[in-house]
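Beneath this line is the structure, given in structure tokens, with notes to follow.
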Amino acid sequence: MLTMPEHRPYHHGDLRAALLAGAEETLRDKGVTALSLRELARTTGVSHAAPTRHFKDKQALLDALALTGFQRMTQAVHGADDPSLPLETRLTALARAYLRFAVDNAALLELMYARKHDPDISEQLAAAVAAAMTPFLDLITGAQARGEIVPGDPERITLLAGAALHGVAAFVAGGHLPAESALDSVGELVHHLLHGLTPRRG
């Protein structure tokens, strides 16, 4: 007697969120190459076709993961911002929030900044990056207006400061720098960014 193939029921109230959570867990534990929509469907308990209702392919899933990563980074950085603080203290708080997110989400951060993304989502990703960096840009722009930071393109200065932070995060991810040591040195990094390494005279 012929039997119909068994399919797992589509029973999740928010399958998209469940798939993203499962994908992030796989990304963290096994790396991006281990990710597949079929395997996610199996571990989530739905039919293998169900994930395609939300993600047309693996790249769409990766792009969605990147977007959610930037959204969470934005929450972390904005949550650490206090415009009433002095410049160096405020920048240190922002930098520590960014680095804490980077340390805690190393595999996700690498995916977020990967060059390969679907062209259809590039504008969304650019907007997400801008949103995450807004507190840094606002800080730089305000400090320039007060004469606390040298004149120049504030977006370029923000980019350079962000590159320094991202470099520290990369050292941590590569095992070249202990995470807590990196976090403890954020204040020193910010101090050098603001004041330079040239000895002060007089």
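The values are calculated or read from the model by the stated rules, or taken from the named source; none is laboratory data. Keep in mind that this is a model prediction, so the values were computed, not measured. Quick reminder, even Gly has a Cβ in these numbers, built from the backbone with ideal geometry, and neighbours come from all protein chains shown.
So His117 clears everything in (1) loosely packed, with under 15 Cβ neighbours inside 10 Å; (2) at pLDDT below 90; (3) not acidic (Asp, Glu) except one condition, right? Which one?
Only one criterion in (1) loosely packed, with under 15 Cβ neighbours inside 10 Å; (2) at pLDDT below 90; (3) not acidic (Asp, Glu) is unmet by His117, namely (1).
Which of the residues belonging to segment 139-157 are assigned to a helix (DSSP H, G or I) and either surrounded by 15 or more Cβ atoms within 10 Å (Cβ to Cβ) or among the polar types (S, T, N, Q) (or both)?
Initial filter on segment 139-157 (assigned to a helix (DSSP H, G or I)): 139-145, 154-157.
Result: Leu139, Ile140, Thr141, Gly142, Ala143, Gln144, Pro154, Ile157.
Name the residues in segment 76-128 that are of a type outside the set (A, V, I, L, M, F, W, C) and closer than 18 Å to Thr158 by Cα, would you?
In the first step, residues of segment 76-128 are kept if they are of a type outside the set (A, V, I, L, M, F, W, C); the result is 78-79, 81-84, 86, 88-90, 92, 96, 98, 100, 104-105, 110, 113, 115-120, 122-124.
Selection gives His78, Asp81, Asp82, Pro83, Pro86, Glu88, Thr89, Arg90, Thr92, Arg96, Tyr98, Tyr113.
Condition first: closer than 25 Å to His191 by Cα, within 18 Å of the chain's Cα centre (by Cα) and surrounded by fewer than 18 Cβ atoms within 10 Å (Cβ to Cβ). Now tell me which residues in segment 120-138 satisfy that. Reasoning before the result, please.
Taking segment 120-138 first, the residues closer than 25 Å to His191 by Cα are 129-138.
Add one more test, that the residue is within 18 Å of the chain's Cα centre (by Cα), and what stays is 129-137.
Scanning segment 120-138 gives Val129, Ala130, Ala131, Thr134, Leu137.
When the residues of segment 81-95 are filtered to those that are in contact (Cβ under 8 Å) with a residue 24 or more places away in the chain and surrounded by fewer than 20 Cβ atoms within 10 Å (Cβ to Cβ), which remaining residue is nearest to Gly167 (Cα to Cα)? Before you say what the answer is, go through the steps one by one.
Filtering segment 81-95 down to residues in contact (Cβ under 8 Å) with a residue 24 or more places away in the chain leaves 81, 83, 87-88, 90-92, 94-95.
Cutting the leftovers down to surrounded by fewer than 20 Cβ atoms within 10 Å (Cβ to Cβ) gives us 81, 83, 87-88.
On the way: Asp81: 22, Pro83: 26, Leu87: 22, Glu88: 20 Å.
For segment 81-95, the residue satisfying everything is Glu88.
Exactly one condition in (1) under 21 Å from Val190 (Cα atoms); (2) in contact (Cβ under 8 Å) with a residue 60 or more places away in the chain; (3) among the charged types (D, E, K, R) is not met by Glu110; state its number.
The failed condition is (1).
Looking for something out of contact with any Gly (no Cβ under 8 Å at 6 or more places or on another chain), within 27 Å of Val150 (Cα to Cα) and outside any helix (DSSP H, G or I) - is there at least one such residue anywhere in segment 36-49? Don't jump to the end; show me each part of the working.
Narrowing segment 36-49 to residues out of contact with any Gly (no Cβ under 8 Å at 6 or more places or on another chain): 36-39, 41-42, 45-49.
With the extra rule that they be within 27 Å of Val150 (Cα to Cα), the set shrinks to none.
Among the residues of segment 36-49, not one is out of contact with any Gly (no Cβ under 8 Å at 6 or more places or on another chain), within 27 Å of Val150 (Cα to Cα) and outside any helix (DSSP H, G or I), which makes the answer no.
Name every residue in segment 54-80 that is farther than 30 Å from Leu189 by Cα and touching a residue at least 40 places away in the same chain (Cβ under 8 Å), in order of residue number.
Here is the first cut: in segment 54-80, the ones farther than 30 Å from Leu189 by Cα are 54-64.
Listed by number, the residues that qualify are Gln59, Ala60, Leu61, Leu62, Asp63, Ala64.
Could you list all residues from segment 170-185 that are part of a loop (DSSP other than H, G, I, E, B) and touching a Phe, Trp or Tyr at 6+ places or on another chain (Cβ under 9 Å)? Outline the logic, then answer.
Taking segment 170-185 and keeping what is part of a loop (DSSP other than H, G, I, E, B), we get 174-178, 185.
The answer is Leu177, and nothing else.
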